[in-house]
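Inspection log for the structure reproduced underneath, given as structure tokens.
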Amino acid sequence: MPGFELFGDLERKEVNDVLDNGVLMRYGFDGMRNGHWKAKELETELQDTFQSKHVQLVSSGTAAVSVALASAGVGAGDEVIMPTFTFVASFEAIMMLGAIPILVDIDDTLGLNPEAVEKAITPKTKAIMVVQMCGSMANMDALQAISNKHNVLLVEDACQAIGGTYKSNPLGSIGDLGCFSFDFVKTITCGEGGAVVTNNKDYYTNADHYSDHGHDHIGSDRGAETHPFLGYNFRISELHAAVGLAQVKRLPEFLAIQKKHYTILRDALSQISEVTFRTVPEGGEESCAFLNFFLPDLETTRKVIQGLKDGGVDVCWNYYDNNWHYIRKWDHLKNLKSLFPISEEVKKGLEYLKTAEFQKSDHFISRNISCLIKLSWTEEEVRNRADKMVKVIKFALK
Ligand SMILES: *Cc1c(COP(=O)(O)O)cnc(C)c1O
């Protein structure tokens, strides 16, 4: 997945354009910038990549999720449904707005289980946030139907699935709003950065203003701009946008490499009958940023993880035992450890987490192994890796 593996001359050239004129900020200073508007250019490129009318760049993927929700009016006391398997950022972005994260089970897609989502809907539900984990997607038709039926927003966190599609639509472009991250380990990187993607003009305008202190961005005198509403600073810098501009042009190249490496590994593991793969909903195409597979039980999975480690096969994880991506180890969130007081409403809204059990999620996550697909491997390295993985898995299954 990581675009940083292939950082080179293109990225350097775009960054040097910015360094040569010294305008590191994305807004204003029109006279000094020699026509370089890297953030604006990257937004235009991303409209094309994500086949969406509007793109607002921001400072991170976490900011993108929070800005997306805020732009659609999600705030104090609203409930946002999210999956148990995701990056902690999903929880943080909801909390930032004073809203309440409602965690629900995933299914064999490793994304939101539509049945669990429907059960979790209450009069306070404002949004369903689907997270397209590890390069693939949840059952989007079912989720869209639920969102339509109950008239709640469908927000897509596609931070890990750049380049994946569902029924020919880019992931991130399907919900009311989509969110992307360009942090250092994502498929394309800005160093740090993120994007909000939408076809809704009002949400876009809100995101544009909200991410820059509420500035209306009308005219060319920044000091004279008005502020229709409260905003914060979630801006991306020109330097970061410049790196992303070079990277986005290489996305087709990155995706082709991912697919090639993914296919070699998948073909090898397919020979083992006990190995099953995550379900990709009909009409879905993975980005191939990861290969995810299931083993029969947790004990075998742990044995395989240890065997891979001992055999020098890196970047394969079991999220059941991992601190970042699964509810099981999020004690700081379950116990609401916060530097500052949290509102009584949110505290009350999160009480369920102390005792909640997510057996369906445990069933899938405990047996799952997720392997990052790197861009810098040679074909020989991928084939060696595939051989080693097959050996380790067969040995653990004995
Ligand atoms: C990386 C990631 C984020 C957060 O992005 P940052 O740019 O690191 O803030 C959010 N959601 C998911 C699923 C991610 O993988």
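Within a straight-line Cα-Cα reach of under 16 Å, residue 40 can be paired with the following lysines, leaving aside sequence neighbours fewer than 8 residues apart in one chain: 53, 249.
Using +1 at the Cβ of each Lys and Arg and -1 at the Cβ of each Asp and Glu in the chain, identify which of 86, 330, 210 lies farthest towards the dipole's positive end. Farthest along the dipole direction, towards plus: 330. Exposure proxy for 15, 196, 80, 104: other Cβ atoms within 10 Å of each Cβ, ordered fewest to most, give 15, 104, 80, 196. Summarising the amide proton neighbourhood of residue 284: residues at separation of 5 or more, or on other chains, whose placed amide H is nearer than 5 Å comprise 167.
Taking the Cα centre of segment 1-85 as origin and assigning +1 to Lys and Arg Cβ atoms and -1 to Asp and Glu Cβ atoms, the resulting dipole is close to 180 debye. Relative contact order for segment 5-102: what percent, with Cα pairs under 8 Å and sequence separation of 6 or more? After rounding, I find 18 percent.
Where is the GNM fluctuation largest for the chain (alpha-carbon springs, 10 angstrom cutoff): 281, 83, 123? Of 281, 83, 123, the most mobile in the Gaussian network model is 123. Remark on residue 100: its backbone amide H falls under 5 Å from those of 77, 78, 79, 80, a criterion applied only to residues 5 or more positions apart or on other chains, H modelled at 1.01 Å from N. Taken about its Cα centre, segment 253-370 carries a charge dipole of roughly 280 debye when the Cβ of each Lys and Arg holds +1 and the Cβ of each Asp and Glu holds -1. Restricting the calculation to Cα atoms, segment 271-311 yields a radius of gyration followed by a Dmax of 12.6, 38 Å. Both the radius of gyration and Dmax for segment 84-158 are 11.5, 32 Å, in that order, over alpha-carbon atoms. With θ taken as phi - 60° and the Karplus curve 6.51 cos²θ - 1.76 cosθ + 1.60 applied, the whole-hertz 3J(HN,Hα) list for segment 315-330 is 6, 10, 10, 10, 6, 4, 9, 10, 7, 9, 10, 9, 3, 3, 9, 8 Hz, x standing for glycine and proline.
Based on the alpha-carbon gyration tensor of segment 48-175 and its eigenvalue square roots a ≥ b ≥ c, which shape applies: rounded if a/c is under 1.5, prolate if not and a/b is larger than b/c, or oblate?
Details: a/c = 1.44, a/b = 1.11, b/c = 1.30.
Because its axes are fairly even, with a/c under 1.5, segment 48-175 counts as rounded.
Using a cutoff of 8 angstrom between alpha carbon atoms and counting only pairs six or more residues apart, the relative contact order for the chain works out to 21 percent.
Among 197, 313, the ranking by other beta carbons within 10 Å of each residue's beta carbon, starting with the fewest, stands as 313, 197. Can you tell me the relative contact order of segment 245-333? Whole percent, Cα pairs under 8 Å, sequence separation 6 or more. Taking the mean separation of contacting Cα pairs over the length of segment 245-333, I get 19 percent. Given axes a ≥ b ≥ c from the Cα gyration tensor, I'd like to know whether segment 14-62 is rounded (a/c under 1.5), prolate (a/b larger than b/c) or oblate. Prolate is the answer for segment 14-62, as a/c is 1.5 or above and a/b outweighs b/c. Only beta bridges with both residues in segment 110-194 are counted; by DSSP, about 25 percent of them are antiparallel.
At the listed q of 0.18, 0.21, 0.23 Å⁻¹, the Debye profile of segment 322-367, built from one uniform point per Cα, gives log10 I(q)/I(0) equal to -0.63, -0.79, -0.88.
Rounded to the nearest 20 Debye, what is the dipole magnitude of the chain about its Cα centre when Lys and Arg each give +1 and Asp and Glu each give -1 at the C-beta?
On the way: 41 positive and 53 negative charges, 184 e Å.
Dipole magnitude for the chain comes out near 880 debye.
Segment 336-390 and segment 95-173 have Cα centres lying 16 Å from one another.
The Cα atoms of the chain give a gyration tensor whose axes a ≥ b ≥ c have a/c of 1.5 or more with a/b no greater than b/c, which makes the shape oblate.
Bridges between two residues of the chain, per DSSP, are antiparallel at a rate of about 60%. Remark on the chain: 134, 159, 179, 190, 288 stand apart, with no other cysteine beta carbon under 4.7 Å.
For segment 267-398, the spread of Cα coordinates along the three principal axes comes to 56, 35, 33 Å, biggest extent given first.
In this structure, the amide hydrogen of residue 277, modeled 1.01 Å from its nitrogen in the peptide plane, lies closer than 5 angstrom to those of 294, counting only residues at least 5 positions away or on a different chain. Put simply, when 125-132, 140-147, 372-379, 109-116 are sorted by average Cβ atoms within 10 angstrom per residue, most first, you get 125-132, 109-116, 140-147, 372-379.
No value in this document is a laboratory result; all are computed from the given coordinates. All of these numbers come straight from a predicted model, not from anything done at the bench. Glycine also receives a Cβ, built like all others from the backbone with ideal geometry; neighbour counts cover every protein chain displayed.
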